[in-house]
Amino acid sequence: MQALIHLALAMGSFVGTHLLLSHPLRAPLVARLAERGFLGLYTLTAFATLGWTILVFRAAPAAPLLWMAPIGLWHLGGLVMALAGVMLVGSLIGNPAMVDPTGQMTGPERARGVYAVTRHPMMWSFILWALVHATLWPSGRMLILSGGIALLACVGALGQDRKKARLLGAPWRQWQARTSFVPFAALLSGKAEWHALWPGVVPVLGGVILWLGATWAHPLLGGPFVPPWLWIG
């Protein structure tokens, strides 16, 4: 129990400092430290708290799983993780949340690819990772880790919507009107078009390569064999 409390403190420090530095503390710290000084503080804090979390997670003793996921969920989880890989790689290409040097938003007229799924594909890739791992490997330490990551990604995405609407105004609100926070909601409601769903060759290939590499390394990092390697024995 003490190890899990330690892990919860470490995870809480990572999530809490990230949210505080990304939102309420950013403006006053930039005013005091300048942009480069703030970036240094942000990076140092993120690496320190993440490193603490990883060390404590690996040191936490193995414990029985709270439930055993059926094999069908493992297969489904493998497919969801492949989707998360494509969403993560796709989020690095043409992301309207990444403004140009003039501070203006540069985004497409219509949502395409991973942005037709959700306007926060990177955050949802982390949320999907957390949901899959919490469902398939529900140990105490995994639930704390995945819960913290899901919370950070969800609150971070909502905070980004508010911040971008305040900084960019109408262009971001128009982008919100053409997209959805919840995956596939814009497609189902007709705000985005199904024929625009194909993310492109680079996100698909990059996402699949990331998925294959991460799942191949899974047992090397102390985890179980997972799809697609589970499918081929």
Q. Can you tell me the Rg and Dmax of segment 1-53, counting just the alpha carbons, in angstroms?
A. 12.7, 42
Q: Please state, rounded to one decimal and in Å, the Kirkwood hydrodynamic radius that segment 160-209 gives when every pair of distinct Cα atoms enters the mean of 1/r.
A: 12.6
Q | Per-selection metrics, segment 1-112 (Cα): Rg and Dmax in Å | A | 19.5, 54
(Q) If you count only protein heavy atoms with a 1.4 Å probe, what accessible area per residue comes out for segment 108-233, rounded to a whole Å²? (A) 51
Q: In vacuum, with every alpha carbon of segment 49-135 counted as one equal point scatterer, what does the Debye formula give for log10 I(q)/I(0) at q = 0.11, 0.13, 0.16, 0.26 Å⁻¹? Two decimals, please.
A: -0.48, -0.63, -0.82, -1.20
Q.
For a distance above 16 Å, tell me the whole-number percent of Cα pairs in segment 54-97 that qualify.
A. 64
(Q) If I compute solvent accessible area with a 1.4 Å probe over the protein chains, what percent of it on segment 1-142 is carbon and sulfur? (A) 73
Q: Return P(r) of segment 90-217 (all Cα-Cα pairs; 5 Å bins starting at 0; whole %; ordered from short to long distances).
A: 2, 10, 17, 20, 20, 15, 9, 5, 2, 0
Q) Given q = 0.10, 0.11, 0.15 Å⁻¹, what are the Debye log10 I(q)/I(0) values for the chain, with equal point scatterers placed on the Cα positions and solvent ignored? A) -0.54, -0.66, -1.17
**Q.** Longest exposed-site-free window of the chain, the sites being chymotrypsin sites (Phe, Trp or Tyr not before Pro) in a DSSP loop that have at most 15 other C-beta atoms within 10 Å
**A.** 68-183
Q. For segment 122-166, what D do you get in µm² per second when you plug the Kirkwood radius from alpha-carbon pairs into Stokes-Einstein at 37 °C and 0.692 mPa s?
A. 303
Q: Could you tell me which of Pro203, Asn95, Ala62 has its Cα farthest along the dipole of the chain towards the positive end, charges placed at Cβ (Lys, Arg +1; Asp, Glu -1), taken about the Cα centre?
A: Asn95
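The values are calculated or read from the model by the stated rules, or taken from the named source; none is laboratory data. All values reported here derive from a predicted model rather than from experimental measurement. Positions of Cβ are backbone-derived with ideal geometry, glycine not excepted, and every protein chain shown enters the neighbour counts. SASA here: full protein model, heavy atoms, side chains in, ligands and nucleic acids out. Shrake-Rupley method; radii C 1.70, N 1.55, O 1.52, S 1.80 Å.
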